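The values are calculated or read from the model by the stated rules, or taken from the named source; none is laboratory data. It should be emphasised that the depicted structure is a prediction, and the values quoted were computed from it without experimental measurement. Please note: Cβ atoms are built from the backbone with ideal geometry, for glycine as well, and neighbour counts cover all protein chains shown.
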Amino acid sequence: MLDKPASALRLRERLLDSERLMEETGCYDGITELTLRNQDPLKFETLHTKLRAYCVSAREMARRISASPGVREVGEMVVAIYTPEGDAIALSNGIMVHVHTMSRFIKWMIKNNYEDNPRIREGDIFANNDAFIGTVQVPDVMDVVPIFHEGTLVGWAGAVCHELEAGGITPGGDVCLAQERFTEGLFVCAEKIGENDEIRRDYVIRCERNLRMPIYWVLDEKAKVASCIDMRESVKQLISEIGLDYWMKVSKEFIEEGRRAQLARTRQLTVPGIYRGHTFYGHVTAGKPGFQLLGDPDWLYNIPIEMEITTDGKITMDFEGTQPWGYHSMNCTPAGMDGGMFVTLTQHMNFEGLVNDGAWMATELKLPYGTWTNPDNEMVATATSWALLLPAYGVFQRLLSRSFVARGFVEEAFVGQVNSPMIEMGGESQYGTPFGMAHFECAAAGSGALAIKDGLDTAYVGWNPESDMGNIEIWEQSMPMVYIGRSIVPNSGGAGKYRGGCSFVSTWLINKTSHLRLHTSEHSSRVFDNGGMCGGYPAPTCQKHRAVRNSNIHELAAKGEPLAHAPGIDPHVSDYERNIGGDHVVVEGPYITSPHKSGDIFSHSYNGGGGYGDVLERDPIKTAWDVENGFLTRQAAGQVFGIVLKDDEDGYPIADIDATVERRAAMRKERLAKAIPVADWIAKERGRVEKADFAPEVKKMYASAIKLSSRFTRDFSDFWNVDAKSIFTPGAKP
Amino acid sequence: MTSYSKEVIRDLAAGQLPWPQTRRIMSAYKDDDRFFKMVAVYQDRVAWKDPILLPVSDHLFICQSGDERITRCECGHSFGDYRKNWKLNAAIHVRNTEEALREIYPNSDLPDPEWMEIREFICPECGTLHEVEAAAPGYPIVHDFEPDLEGFYREWLGKPLQET
């Protein structure tokens, strides 16, 4: 039992009191003056730096305990220190999306009277991976431990790892076949999993018996608990140095300072006003094995976002007009949406280190109830919520970037993150044992372009600013596949004055197994789920999968014949089809098929980012370098960018500047000749809208948005001068 | 206070500043005089005399034109009152066939034109491609940005705009 709270109030009352004070004063915990900061700013800053050092050090230590290549290699982990009420004071680098989701988890326990049962005591360990309590998806398993000082609860230490196997209906963690909660895997719903700093044996047994690869999860638990204990002991030592009263005050002042700093940064970097953007997501599962017929197999989601920046510096993001939740794994909870906002803010506005939950408090999310952002049914699956989160927060990045451009801070403008599909697998390993895992090389996609330079090639994802694809040799140790190719995908960045970052494609030979289940998720088929900015184009859609069953690769290798190491640049016929015999397979969207075996070949492409600016302004010399190095094709250089290349004496491409100028002038004329006034286009398209002359999935998307949002209905009706409701939902009540 | 010369800001905006220097600017505290310096850089770039009030895209600016505030292309073309969506006065080219999409994506899988089209918003005078929308057929054209121009100048810059 919590016997000696820091104040006379119990934790729940303290939390409610803190929320009331924020409501009444507009300041975190009612802190209207940063008294300690004003008294001794150097001591104040030094203490926060110490706390941040505790977090960074604890995470690095924990990564060396973990057995999972996701945590060890790619850094899929974050840790943080919290107030007694569960607000983040300081955090490490890593998957910072979870700093605020852990906050929700702690608050959830407090509000659900965990003080009484199961009780909160020194040495207790609590875990959670339920997104409706506070995480993003099932594989994001979080552990928190209370910090007591002489019997008083004075804070929490928390850690999250993304698990590579969660025991769902398909192996891995981003369980693509999950259509409702009950197929997502092993849930730990705000449970006490340990006491006296020791993880309970019965909990470990549950993990061992419900996961395909329990070593990852269980050793990650030990890594997380070790990091929490490390942070806890550091904080206790700090409190013994600075005194309990000072700690209780300064930890909260840090958060209020974080809130004020976020507002100040917004006023410094942006322009007030209303910003709008949208993205889409297409999901195609018709005819694929395993999907239950719970809803339409193919669907199209629209994700419109309106961002308002007020003159006091507050940022509000409104998702009104988006789609309802569905029987798929891509729903999200408010915790996940919070996390997406937080990790984006830490990258774009709060990169100075002094960042905590205060930044989140200076923002607001409007998540319409019943949509995928805030489901009105807690049975829905959220296993691949990143599929919609990433495109949505890519829009947020573009909206923020518009404000940076308007304010003159062009170096901060960034076209944004992309959704990069993921491979998961299970079955029989190369060692003859059962196994399961997610392959995290997806954590190194191409980024969107910047307003002053090209995007990052194979080096960025939105959820982890330390993006890393991991080491091929380490991945090969973990799965029954060996790499026969990993290369840049030409033209995978969106075209523009500055192109989006390119991504890569891997090709594997399945090896030493007779049963390998390969699944993929987070595919936006048939539509762009990213965008360009200021004239830049979106990056290509998610690419199709290519596999060869019963390939003759061993015979070819024995004869010394050429193989294929990448799909190539002909979208109609791949190099696999040209060079390798066997049964060729091309699959759009999620890859869900019968098991593979040794000798089969599988390839998977990741995504690049959107472009910035008019393509006809791209630097011809840089383009020649891009062609030489495989980032752009010669065909794209001429056809898309209007750049004429010739060969130097060694056969390398160089730009023909005069011919380029001439070609671009012609392309500009051609552009104008093809274009029509927007008013004419609207008049022409209006007839199509009136007849709802659209594909069934498009019509359904409009009907769903209209049903959920009066604003979307009004905006649509006003724009086309039609009655949207009568067109898309005939028979509905007016 | 951090501050850079107009020449540095000009080169930064043009993407011509050496990367180490750009990186230092990105890592340093922000320069509070940036906005007006950047506006001056843009003003030098355009041939017209209307004072620029706010950049809104790579080659689009809100400027004071007599008693009006309009969105203007770098070439001088006016897209009308800045409070209205400039795209409605642009020229448009829509790519909604495989053939038209293939021109931009020659070596990749394509979106389904029944599900998604690309809309290119072009200056009818100089042919600059100002914005690209990727949207489902029938989706209303989005009004990207409605700045609170008066609030910005009054409360954040401390230099209220003259009433029009």
The residue from A:Ala675, A:Ala655, A:Ala703 that alone is without any contact (Cβ under 8 Å) to a residue 12 or more places away in the chain and surrounded by 15 or more Cβ atoms within 10 Å (Cβ to Cβ) is A:Ala675
All conditions in (1) among the polar types (S, T, N, Q); (2) under 30 Å from A:Ile643 (Cα atoms); (3) facing another protein chain (nearest Cβ under 10 Å) are true of B:Asn85 except (2)
Taking segment A:653-699 and the residues there that are facing chain B (nearest Cβ under 10 Å) and among the β-branched types (Val, Ile, Thr), the one that is nearest to A:Asp619 (Cα to Cα) would be A:Ile676
Restricted to segment B:134-155 and to residues being more than 7 Å from chain A (Cβ to nearest Cβ) and under 17 Å from B:Ile70 (Cα atoms), the residue nearest to the chain's Cα centre (by Cα) is B:Leu149
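Anything in segment A:82-99 that is of a type outside the set (S, T, N, Q), assigned to a loop (DSSP other than H, G, I, E, B) and either at pLDDT 95 or above or touching a helix residue (DSSP H, G or I) at 6+ places or on another chain (Cβ under 7 Å) (or both)? List them, or say none.
Applying the first criterion (of a type outside the set (S, T, N, Q)) to segment A:82-99 yields A:82, A:84-91, A:94-99.
Filter once more, so that each one left must be assigned to a loop (DSSP other than H, G, I, E, B): A:84-87, A:94-96.
Hits for segment A:82-99 are A:Pro84, A:Glu85, A:Gly86, A:Asp87, A:Gly94, A:Met96.
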Reported set for segment A:546-572 where residues are under 23 Å from A:Ser503 (Cβ atoms) and either touching a helix residue (DSSP H, G or I) at 6+ places or on another chain (Cβ under 7 Å) or within 12 Å of another protein chain (Cβ to nearest Cβ) (or both) is A:Arg546, A:Val548, A:Leu563, A:Ala564, A:Ala566, A:Pro567, A:Gly568, A:Ile569, A:Asp570, A:Pro571, A:His572
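Those residues that are out of contact with any Lys or Arg (no Cβ under 7 Å at 6 or more places or on another chain), part of a loop (DSSP other than H, G, I, E, B) and farther than 13 Å from A:Pro69 by Cα, I need them from segment A:433-454; list them, please.
Of all residues in segment A:433-454, those out of contact with any Lys or Arg (no Cβ under 7 Å at 6 or more places or on another chain) come to A:433, A:437-448, A:450-453.
From what's left, part of a loop (DSSP other than H, G, I, E, B): A:433, A:443-444, A:446-448, A:451-453.
Of everything in segment A:433-454, those that are out of contact with any Lys or Arg (no Cβ under 7 Å at 6 or more places or on another chain), part of a loop (DSSP other than H, G, I, E, B) and farther than 13 Å from A:Pro69 by Cα turn out to be A:Thr433, A:Ala444, A:Gly446, A:Ser447, A:Gly448, A:Ala451, A:Ile452, A:Lys453.
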Exercise. With respect to A:Asn117, is the statement that it is free of Cβ contacts under 8 Å to residues at least 24 places away in the same chain and either part of a helix (DSSP H, G or I) or assigned by TED's automatic domain parsing to the domain that holds A:Lys224 (or both) true?
Worked result: yes
So, first residue free of Cβ contacts under 8 Å to residues at least 40 places away in the same chain in segment B:1-23, second residue of a type in the set (Gly, Ala, Ser), Cβ within less than 7 Å, six or more apart or across chains; the pairs are B:Thr2/B:Ala28; B:Lys6/B:Ala40
Going through segment B:1-33 in order, the residues found to be in contact with a helix residue (DSSP H, G or I) (Cβ under 7 Å, 6 or more places away or on another chain), among the basic types (Lys, Arg) and at the interface with chain A (Cβ under 10 Å from one of its Cβ atoms) are B:Lys30
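Tell me the residue from B:Asp44, B:Asp50 that is more than 10 Å from chain A (Cβ to nearest Cβ) and in contact with a Lys or Arg (Cβ under 7 Å, 6 or more places away or on another chain), please.
Details: B:Asp44 fails: in contact with a Lys or Arg (Cβ under 7 Å, 6 or more places away or on another chain).
Step by step, each of B:Asp44, B:Asp50 is checked, and only B:Asp50 is more than 10 Å from chain A (Cβ to nearest Cβ) and in contact with a Lys or Arg (Cβ under 7 Å, 6 or more places away or on another chain).
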When restricted to A:Gly532, A:Gly582, the only residue closer than 19 Å to B:Asp112 by Cα, touching a helix residue (DSSP H, G or I) at 6+ places or on another chain (Cβ under 9 Å) and at pLDDT 95 or above is A:Gly532
If we ask which residues in segment A:215-270 are without any contact (Cβ under 8 Å) to a residue 60 or more places away in the chain, assigned by TED's automatic domain parsing to the domain that holds A:Glu60 and among the charged types (D, E, K, R), their number turns out to be 3
Restrict the check to segment A:626-645 and report whether at least one residue is of a type in the set (Ser, Thr, Tyr), crowded, with 16+ Cβ neighbours inside 10 Å and touching a Leu at 6+ places or on another chain (Cβ under 9 Å). no
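In this structure, is A:Val405 closer than 23 Å to A:Tyr281 by Cβ, modelled with pLDDT of 95 or more and either assigned to a loop (DSSP other than H, G, I, E, B) or within 14 Å of chain B (Cβ to nearest Cβ) (or both)? Before the answer, list the steps.
Values: closer than 23 Å to A:Tyr281 by Cβ: no; modelled with pLDDT of 95 or more: yes; either assigned to a loop (DSSP other than H, G, I, E, B) or within 14 Å of chain B (Cβ to nearest Cβ) (or both): yes.
In short, no.
Take A:Ser704 and tell me if it is at pLDDT 95 or above, more than 10 Å from chain B (Cβ to nearest Cβ) and touching a strand residue (DSSP E or B) at 6+ places or on another chain (Cβ under 7 Å).
Values: at pLDDT 95 or above: yes; more than 10 Å from chain B (Cβ to nearest Cβ): yes; touching a strand residue (DSSP E or B) at 6+ places or on another chain (Cβ under 7 Å): yes.
It is true that A:Ser704 is at pLDDT 95 or above, more than 10 Å from chain B (Cβ to nearest Cβ) and touching a strand residue (DSSP E or B) at 6+ places or on another chain (Cβ under 7 Å).
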Within segment B:111-133, of all residues that are buried (at least 24 other Cβ atoms within 10 Å of the Cβ) and more than 14 Å from the chain's Cα centre (by Cα), the one nearest to A:Asp312 (Cα to Cα) is B:Met116
Exactly one of A:Thr623, A:Thr633 is more than 9 Å from every other protein chain (Cβ to nearest Cβ), among the hydroxyl-bearing types (Ser, Thr, Tyr) and on the phi < 0 side of the Ramachandran plot, and that one is A:Thr623
- Qualifying residue in segment A:511-524 (condition: at pLDDT below 95, under 24 Å from A:Ala387 (Cβ atoms) and within 13 Å of chain B (Cβ to nearest Cβ)): yes
